[in-house]
Amino acid sequence: MDERESKDGADRLRLFEAQFARTRAARGLELVFVPLPELLPGGGVAEATLASLAPSERAEFARLRVAKRRRDWLGGRLAAKAAVRRLVARWWGQDLAAAEIEIGRNAAGAPEVHLRRALVDGLDIAITLCHAGDLAAAVAFRFAHAGAIGLDLEPLMPVDIALRPLAFTAREEAAIQAAPDESSRRFLDLGVWTAKEAVLKAIGLGFAVPFHDVEITPRGVGEHWHAVVAAGAGSSAGRELIVEVALVADHVVALAHDPALGAGGA
């Protein structure tokens with residue numbers, strides 16, 4: 001990669017991060033986008049990249065056999081570690097090495113953060129991550145300060161027609177079809193899908209809840225969209241969230257969060 005390509009790539013990542021600058025400042029969270037790492041012949045990675053993994057993460061990476069899965073998994077971990085490092089520096093003024101941060105899974109399968117160095121009592125770092133196309137992204141935050149956060153990212157393309165009846169409610173479909181032009185319709189189409197994924201991550205249910213159980217009221221690019229979790233979604237029934245949906249470099253990005261700011265927010 002030449003110097004111009006490297007600069008263009010860095011500028012592109014800054015564009016993604018800039019979309020949510022106000023929410024980042026208000027809620028004290030850290031948002032990172034990274035390119036998915038290139039695999040070596042045979043599916044390996046450079047030793048410098050492996051050195052950023054904790055021992056348990058190295059073992060998990062070694063168990064992955066499919067090249068795409070290895071690349072996606074590793075990209076998500078690298079984004080998450082970068083976000084946690086920024087968060088720790090922001091809140092506690094400490095510089096952690098990437099290998100001191102372990103991204104594991106909780107009982108529900110959602111990513112969770114373990115630090116190999118104690119910082120302060122009662123440390124409450126949470127993480128949400130995603131990957132799509134050639135990018136991975138993660139948000140690190142303190143739940144007590146920021147509330148629930150969910151992130152999703154998708155390359156701009158139509159939602160599979162076979163999935164539409166399972167994914168969109170009648171009101172969502174009507175809002176999409178009422179868009180003034182094809183470009184707006186394409187954005188709303190994927191925006192609603194991406195917003196639903198972000199909401200399900202924020203409430204910690206993932207694919208345990210059908211997409212139909214989250215209803216999105218779409219608006220324009222960069223505006224706050226409204227999400228409601230339907231009555232059938234257990235303890236999350238009736239919950240309302242805000243989703244910020246942005247269109248950047250042919251990708252749709254959705255950041256879901258609680259309507260009320262967490263403690264100490266601006």
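The values are calculated or read from the model by the stated rules, or taken from the named source; none is laboratory data. Just so it is clear, the model here is predicted, and its values are computed rather than measured. In this analysis, Cβ positions are derived from the backbone assuming ideal geometry, glycine residues included, and neighbour counts consider all displayed protein chains. Note: areas computed on protein heavy atoms with side chains; ligands, DNA, RNA excluded. Shrake-Rupley method; radii C 1.70, N 1.55, O 1.52, S 1.80 Å.
Observations on the model:
- Looking at Leu53, Leu87, Leu74, Leu31, just one residue is assigned to a strand (DSSP E or B) and in contact with a Leu (Cβ under 9 Å, 6 or more places away or on another chain), and that residue is Leu31.
- Pairs meeting the criteria (first residue in region 126-145 and without any contact (Cβ under 8 Å) to a residue 12 or more places away in the chain and farther than 16 Å from Leu115 by Cα, second residue open to solvent by 10 Å² or more (accessible area, probe 1.4 Å) and assigned to a strand (DSSP E or B), beta carbons under 9 Å, at least 6 apart or on different chains) are lacking.
- Residue list for region 148-174, filter: under 24 Å from Gln19 (Cα atoms) and open to solvent by 10 Å² or more (accessible area, probe 1.4 Å): Glu154, Pro155, Leu156, Met157, Pro158, Val159
- Residue match in region 178-193 (condition: among the basic types (Lys, Arg), within 15 Å of the chain's Cα centre (by Cα) and within 17 Å of Leu163 (Cβ to Cβ)): no
- Verdict on Leu78 being open to solvent by 30 Å² or more (accessible area, probe 1.4 Å) and at pLDDT 95 or above: yes
- Residue among Arg90, Arg105, Arg86, Arg142 that alone is in contact with a helix residue (DSSP H, G or I) (Cβ under 8 Å, 6 or more places away or on another chain), open to solvent by 10 Å² or more (accessible area, probe 1.4 Å) and either farther than 17 Å from Leu53 by Cα or of a type outside the set (S, T, N, Q) (or both): Arg142
- For Leu15, the conditions (1) part of a helix (DSSP H, G or I); (2) open to solvent by less than 40 Å² (accessible area, probe 1.4 Å) are fulfilled apart from (2).
- Lone qualifier among Ala54, Ala46, Ala10 - being open to solvent by 10 Å² or more (accessible area, probe 1.4 Å), modelled with pLDDT under 95 and over 26 Å from Val248 (Cα atoms): Ala46
- Lone unmet requirement of (1) in contact with a Pro (Cβ under 7 Å, 6 or more places away or on another chain); (2) open to solvent by 30 Å² or more (accessible area, probe 1.4 Å) for Arg65: (1)
- Filtered residues of region 93-102 (kept if free of Cβ contacts under 8 Å to residues at least 24 places away in the same chain and surrounded by 14 or more Cβ atoms within 10 Å (Cβ to Cβ)): Leu96
- When we screen Ile161, Ile149 for residues that are closer than 30 Å to Arg71 by Cβ and free of Cβ contacts under 8 Å to residues at least 60 places away in the same chain, the only hit is Ile161.
- Among the residues of this structure, Ala198 counts as one that is at pLDDT 85 or above, closer than 18 Å to Gly109 by Cβ, open to solvent by less than 30 Å² (accessible area, probe 1.4 Å) and hydrophobic (A, V, I, L, M, F, W, C).
- Residue in region 175-187 that is open to solvent by less than 60 Å² (accessible area, probe 1.4 Å), within 24 Å of Phe33 (Cβ to Cβ) and part of a loop (DSSP other than H, G, I, E, B) present: no
- Subset of region 81-124 (residues that are modelled with pLDDT under 90 and of a type in the set (D, E, K, R)): Arg105, Arg116, Arg117, Asp121, Asp124
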